[in-house]
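Asks: Handing you this structure, nothing more for now.
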């Protein structure tokens, strides 16, 4: 039987791949936004700034940005080391599709990709030029320089589809990704970040992509549904008959595009203490905009709930980019056997 030997949670926001000097490119979009979601309510930027007075100007100073960016990059490297040390046979990556692949023609709550391989495509210059300000500089880091085929694990993926279906869920099954937003049927950035940033673009283990509709109305799954799906997913992984060492990753989050440190810290505490009641009770009104990607972490927490792996927060950085508190809170976590030897992170030498 297979064994879940590692869990990982990671943010993948664009500020992680953007020099701190350029974070202001995204701040321009924040200031023009008439519907910034904070604790379930939409605010124009100026109203949000008034609500959160005196604001976060000090957090937006360049040296603070540099410090937070450096800490995040160190945490990303640490996650990569831990994944490598786990000697995984398969990686199950749970993330959200920003309508890069699935669109209004068909928008599944949960979907598995079960192909033998998946395309990972670079952007054309025309596509980069057409992106919103501050995105191209980040997104180019989530794709390879040339067209690349990443390995899937169709046998495990099909098993997961069948077993989660038998558990009362109705996941979609995709063996050929739609052309999607970019017209290339490529795996999107939630997975590309894992391949390129955590794993360095080379020696990628066979991967099973799990899509969660975190963002889009009318059918994002509730927190309770995500947790319960995660439980079924974890049981299905452990029931696979081949003796595989499996890792599972949540990609996305935490609070954004408005940073809410209080929410983030309560969420992290619930993850580390296995507080399923808290995780299942998060309201739909809070899980909106970028903060909705917490659903991916809830799925992974459900998958690991009955395991013996211990949760450890590797790092948390609230990365502010504008005075009203907009930006992205970055978090990095692992679930591991407490007795497992871990690679030297290098942090003790700093």
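Asks: Considering only region 19-36, I want to know if a residue exists there that is free of Cβ contacts under 8 Å to residues at least 40 places away in the same chain, within 21 Å of the chain's Cα centre (by Cα) and part of a helix (DSSP H, G or I).
Replies: At the first step, the residues of region 19-36 found to be free of Cβ contacts under 8 Å to residues at least 40 places away in the same chain are 32, 34-35.
Filter once more, so that each one left must be within 21 Å of the chain's Cα centre (by Cα): none.
No, region 19-36 contains no residue that is free of Cβ contacts under 8 Å to residues at least 40 places away in the same chain, within 21 Å of the chain's Cα centre (by Cα) and part of a helix (DSSP H, G or I).
Asks: So which strands (runs of 3 or more DSSP E) are wholly in region 197-263 and hold at least 2 residues that are farther than 22 Å from residue 166 by Cβ and touching a helix residue (DSSP H, G or I) at 6+ places or on another chain (Cβ under 6 Å)? Give the steps one after another, and end with the answer.
Replies: Values: elements: 207-212, 245-251, 256-258.
In region 197-263, 245-251, 256-258 are the strands (runs of 3 or more DSSP E) which contain 2 or more residues that are farther than 22 Å from residue 166 by Cβ and touching a helix residue (DSSP H, G or I) at 6+ places or on another chain (Cβ under 6 Å).
Asks: Determine which single condition residue 170 fails, assuming it passes every other condition in (1) more than 19 Å from the chain's Cα centre (by Cα); (2) in a helix (DSSP H, G or I).
Replies: (2)
Asks: Is region 24-34 home to any residue that is more than 21 Å from residue 290 (Cα to Cα) and buried (at least 22 other Cβ atoms within 10 Å of the Cβ)?
Replies: The first filter runs over region 24-34 and keeps only residues more than 21 Å from residue 290 (Cα to Cα), leaving none.
No: zero hits.
Asks: Looking at 105, 181, 196, can you tell me which residue is under 25 Å from residue 253 (Cβ atoms), surrounded by fewer than 19 Cβ atoms within 10 Å (Cβ to Cβ) and out of contact with any strand residue (DSSP E or B) (no Cβ under 7 Å at 6 or more places or on another chain)?
Replies: Details: 105 fails: under 25 Å from residue 253 (Cβ atoms); 196 fails: surrounded by fewer than 19 Cβ atoms within 10 Å (Cβ to Cβ).
Result of the check over 105, 181, 196: 181.
Asks: Also, quick follow-up: Of the residues 231, 258, 249, which is surrounded by 19 or more Cβ atoms within 10 Å (Cβ to Cβ) and under 24 Å from residue 198 (Cβ atoms)?
Replies: Working: 231 fails: under 24 Å from residue 198 (Cβ atoms); 258 fails: under 24 Å from residue 198 (Cβ atoms).
Within the list 231, 258, 249, the selection yields 249.
Asks: Here is a further query. Would you confirm whether or not region 154-161 contains a residue that is closer than 15 Å to residue 97 by Cα, in contact (Cβ under 8 Å) with a residue 24 or more places away in the chain, buried (at least 16 other Cβ atoms within 10 Å of the Cβ) and touching a helix residue (DSSP H, G or I) at 6+ places or on another chain (Cβ under 7 Å)? Even if it seems obvious, please write down each step before you answer.
Replies: Step one: filter region 154-161 for residues closer than 15 Å to residue 97 by Cα, giving none.
No: region 154-161 contains no residue that is closer than 15 Å to residue 97 by Cα, in contact (Cβ under 8 Å) with a residue 24 or more places away in the chain, buried (at least 16 other Cβ atoms within 10 Å of the Cβ) and touching a helix residue (DSSP H, G or I) at 6+ places or on another chain (Cβ under 7 Å).
Asks: Which of (1) in contact with a helix residue (DSSP H, G or I) (Cβ under 8 Å, 6 or more places away or on another chain); (2) more than 21 Å from residue 238 (Cα to Cα) does residue 311 not meet, given it meets every other one?
Replies: Going through (1) in contact with a helix residue (DSSP H, G or I) (Cβ under 8 Å, 6 or more places away or on another chain); (2) more than 21 Å from residue 238 (Cα to Cα) one by one, residue 311 breaks only (2).
Asks: Let me ask you something else. Restricting to region 55-76, name every residue that is outside any helix (DSSP H, G or I) and either touching a residue at least 12 places away in the same chain (Cβ under 8 Å) or closer than 10 Å to residue 319 by Cβ (or both).
Replies: As a first pass, look at region 55-76 and keep what is outside any helix (DSSP H, G or I): 55-57, 61.
Scanning region 55-76 gives 55, 56, 57.
Asks: Follow-up. Of the conditions (1) under 19 Å from the mean Cα position of the chain (by Cα); (2) more than 18 Å from residue 255 (Cα to Cα); (3) surrounded by fewer than 21 Cβ atoms within 10 Å (Cβ to Cβ), residue 98 clears all except one; give me its number.
Replies: So residue 98 meets the others, but not (2).
Rundown of residues vs (1) modelled with pLDDT of 95 or more; (2) in contact with a helix residue (DSSP H, G or I) (Cβ under 9 Å, 6 or more places away or on another chain); (3) outside any loop (DSSP other than H, G, I, E, B), yes/no style:
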{"residue": "112", "(1), (2), (3)": "yes, yes, yes"}
{"residue": "118", "(1), (2), (3)": "yes, yes, yes"}
{"residue": "123", "(1), (2), (3)": "yes, yes, no"}
{"residue": "176", "(1), (2), (3)": "yes, no, no"}
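Asks: Cβ-Cβ distance below 6 Å, separation of 6 or more or different chains: which pairs start in region 77-92 with a residue that is more than 17 Å from residue 151 (Cβ to Cβ) and end on one that is surrounded by fewer than 18 Cβ atoms within 10 Å (Cβ to Cβ) and at pLDDT below 95?
Replies: 78/345; 81/343; 85/343
Asks: Hey, another quick one. If only one of 311, 322 is part of a strand (DSSP E or B) and either crowded, with 19+ Cβ neighbours inside 10 Å or touching a strand residue (DSSP E or B) at 6+ places or on another chain (Cβ under 6 Å) (or both), which one is it? Outline the logic, then answer.
Replies: On the way: 322 fails: part of a strand (DSSP E or B).
On inspection, the qualifying residue turns out to be 311.
Asks: Report the residue count in region 77-110 for those that are modelled with pLDDT under 95 and not in a loop (DSSP other than H, G, I, E, B).
Replies: So the answer is 0.
Asks: Got at least one residue in region 234-242 being under 16 Å from the mean Cα position of the chain (by Cα) and at pLDDT 95 or above? Spell out how you get there, then give the answer.
Replies: Applying the first criterion (under 16 Å from the mean Cα position of the chain (by Cα)) to region 234-242 yields none.
No, every residue in region 234-242 fails to be under 16 Å from the mean Cα position of the chain (by Cα) and at pLDDT 95 or above.
Asks: Out of region 270-279, which residues are over 18 Å from residue 39 (Cβ atoms), more than 18 Å from the chain's Cα centre (by Cα) and not in a loop (DSSP other than H, G, I, E, B)?
Replies: If the condition is that a residue be over 18 Å from residue 39 (Cβ atoms), more than 18 Å from the chain's Cα centre (by Cα) and not in a loop (DSSP other than H, G, I, E, B), then 273, 276, 277 are the ones that fit.
Asks: Restricting region 125-145 to residues that are part of a loop (DSSP other than H, G, I, E, B) and in contact (Cβ under 8 Å) with a residue 24 or more places away in the chain, which is surrounded by the fewest Cβ atoms within 10 Å (Cβ to Cβ)?
Replies: To start, the set of residues in region 125-145 that are part of a loop (DSSP other than H, G, I, E, B) comprises 130-135, 143-145.
Filter once more, so that each one left must be in contact (Cβ under 8 Å) with a residue 24 or more places away in the chain: 132-135, 143-144.
Numbers: 132: 11, 133: 13, 134: 21, 135: 18, 143: 23, 144: 16.
So the residue we want is 132.
The values are calculated or read from the model by the stated rules, or taken from the named source; none is laboratory data. Nothing here was measured: the structure is a model prediction, and the numbers come from that model. Methodologically, a virtual Cβ is constructed for each residue, glycine included, from the backbone with ideal geometry; neighbour enumeration extends over all protein chains shown.
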